[in-house]
Amino acid sequence: METMDAILSRRSIRQYTGEKVTEAELKTILAAAEASPSGMDEYENTVMTVIEKPALLEKIDQAAKAAAEKSGNADKNPLYQAPTFILVSGKKPDAESANLIFSNAAIVVENMALAATDLGVGCCHIWGVVEIIDHDPSLLNDLDLPEGFIPCCGLIVGKTNDQYTKREIPLDRIKCTRIK
């Protein structure tokens, strides 16, 4: 797939067959993450946790569902029963670079999403669940993150029956001011 085809085809997949991606597909997706840029070349400030353990995925899902029920969204299915969740975490920043770890993590996730799209593998950016994880000491303990790291965002991946197709994207969705 050409780069723009992958970009125009990428979308959030929310239905999975339950089948994991192959090892080769996962390696390609993780290689795309490794190819991501990192602010100030500080790659050591980003870590990925590939979660495939069904019991931990269920624990994350249940914690997120409980939080959703409190907010009135009881019918949520936070991880969409995807068999793999790749959590991207960053080293807690100081006040001067507070946004940097989140920018780095978002770029990592987008690179992985484009690779998954190119492979025809289902994927979806995950944000809300990450906040639940960040505020749940039990989940944080299960993830065994390095000292001083916090969850930033993630990507679920898995086999799907959905197909990616190139979309027509309106060129005025994001306001753009051009200064010449």
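Every read-out reported here was derived from the displayed coordinates using simple, explicitly stated rules and does not represent laboratory data. Note that the structure is a prediction, hence the values are computed from the model and not measured. For neighbour counting, all protein chains shown are included, and Cβ atoms are generated from backbone atoms with ideal geometry for every residue, glycine included.
Computed values, structure above
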{"quantity": "Cα centroid separation - the range 1-77 against the range 118-179, whole Å", "calculated": "5"}
{"quantity": "Rh (Kirkwood; distinct C-alpha pairs) - the chain, Å", "calculated": "17.2"}
{"quantity": "Dipole axis of the range 3-158 (+1 Lys, Arg; -1 Asp, Glu on Cβ), positive-most option in Leu100, Pro54, Ala66", "calculated": "Ala66"}
{"quantity": "Cross-link pairs beyond the 30 Å C-alpha cut-off, checked among Lys91/Lys166; Lys59/Lys166; Lys27/Lys59; Lys70/Lys166; Lys65/Lys159; Lys53/Lys92", "calculated": "Lys91/Lys166; Lys59/Lys166; Lys70/Lys166"}
{"quantity": "Highest-first arrangement of 23-30, 143-150, 9-16, where packing means the average Cβ count within 10 Å", "calculated": "9-16, 23-30, 143-150"}
{"quantity": "Shape of the range 94-180, Cα gyration tensor, a/c cut at 1.5", "calculated": "oblate"}
